[in-house]
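Bear in mind that the values in this text are calculations on the coordinates, not laboratory data. Remember, predicted model here, so these are calculated numbers, not experimental data. All Cβ positions, even for glycine, are placed from backbone atoms using ideal geometry, and neighbour counts span all protein chains on display.
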Amino acid sequence: MLEAANKHQKPDSVETNNSSKSISHVESQQQQSRRQGQSAATTASATVTSQANPPSSVVVVDGSSSNSNYDLAHFEPVRILNNNSTHKTVSLLGHFGNLSRDSYAIIVLEKTAFTEAQLRNNSCREVTTAGTDVEKSTTTTSRESESNNSSTIAEEAAGERSFFTAKSHLRTEFINDIYGNFLCVTDPEVNQLKVTIIYPASKQHISKYSAHARYLVEETVHDYRSVTLPHLEQEQLSLEWLYNILEHRKETDRIVYEDPSEETGFILLPDLKWDGKTVEQLYLLALVHPKGIKSLRDLTADHLPLLRNLKDSGTRAIKQRYGIDSDHLRIYVHYQPSFYHLHVHFTYLKHDPPGIHCEKSHLLTTIIENLELVSDYYQKVTLSCVLSETDKLYVKLKAAKKTADEQPEAKRAKLE
């Protein structure tokens, strides 16, 4: 979700051009956009066109571009960390040969969702070079050629191209009676991948993006105080990237909404998993201004004004910006979270991103109601969470529970 500069790069190589230029003149170049990573790591997120070996890398943000040292032609894969067929994503571990073979990089490739604009037939009308709309004629071959050229202009003018143009070609798999299966080779501009780059990647990043066996853990209040909390104090990743956002040092151009209050305020901006454009996949993250609220466990009735403001102001901002009503939004908090500074997820009900299931997500409305009923609800209850087998917290919690189970038997044996 986050823009950052690679600490190994020159300062001028990470400047983002936020102008609204057309990107049609860089179609032959590889498109990337950079995002901020955690602490020493640089996380870049981009939508790139499937093209063969462009002459140079290009960062593309909201239609504008700037040079980047990330060049996929120099990426040397080491192994596949995770291949998720459900979400159409793959995570790769490797090196950028042109940067350093001593530092690992993680690249996450994700197939983007269809948009309504891509599913329109933009060739129904044509735009002349003078900008005049005329009806399409199919009476002559020359006229059809003119129409194809004009439809391309119309698509570029609209800012998004369609699948239904002369640039899309069907390759037949089989045809049986009225049924046919085909592969479609489309215009590269509508066949893009979202790319997330983490460089340099730490051991924690590699573990996070790798496929592991996962376990459902029941964390009691005692577990939290004796195991989880000490673990967080020892293992917490740097939150410098987050403070960069809250203090307006980075990503100010990506802020959708901000309430600057130090007690009930927050910043709302696109999550790393969203390109910020495809409304059908809307995914926003609210980062609260108050510091010291690590997770759901820290919330009490004292935080109700903050939580209500997150719900009311966040949904209002999304309605104004994207035209999506609050009853079409899924608003929730993760436990365990991926980083320990309170943040709230806003996703579109039409979209099913990772982490929305009951074992991980807690609806904001439910959190508010629980705290209205019992002011210290989350300091009393057992909370479920899903942890990877390689997660140090899982190893510690498992060991603690094993010790607790063995203690009654040891006491009985001693009495006997």
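The label-point distance for Leu349 and Ser207, in a model that sets each label 7 Å from Cα toward Cβ, rounds to 3.8 nm.
Between His74 and Lys88, the distance separating the two model label sites (each 7 Å from Cα on the Cα→Cβ line) works out to 3.1 nm.
With a point put 7 Å past each Cα toward its Cβ, work out how far Lys319 is from Lys291 in nm, to one decimal. Here the answer is 3.4 nm between the modelled labels. One chain, two ends: Ala404 and Thr366. Fully extended at 0.36 nm per residue, the span grows by 10.5 nm beyond their Cα-Cα distance. For a label point 7 Å from the Cα of Ala117 along Cα→C-beta, name the residues of region 275-306 whose backbone N is under 20 Å from it. Under 20 Å, as judged by backbone N against the label point of Ala117, lie 275-284 of region 275-306.
Charged side chains reduced to their Cβ positions (Lys and Arg at +1, Asp and Glu at -1) give region 271-327 a dipole of some 180 debye around its Cα centre.
If we sort 208-217, 90-99 on the protection proxy, mean other Cβ atoms within 10 Å, highest first, what's the order?
Highest-to-lowest ranking by the protection proxy: 90-99, 208-217.
Cross-link pairs exceeding 22 Å in C-alpha to C-alpha distance, out of Lys291/Lys398; Lys194/Lys277; Lys360/Lys380; Lys111/Lys208; Lys311/Lys360; Lys294/Lys319, comprise Lys291/Lys398; Lys294/Lys319.
Calculated on C-alpha atoms, the gyration radius of region 219-300 divided by its Kirkwood radius gives an Rg/Rh of 1.04. Using the Cβ-Cβ distance between Leu183 and Gln234 with R0 set to 41 Å, the FRET efficiency from 1/(1 + (r/R0)^6) comes to roughly 0.20.
Averaging 1/r over each pair of different alpha-carbon atoms in region 310-416 and inverting the result gives 17.0 Å, the Kirkwood hydrodynamic radius.
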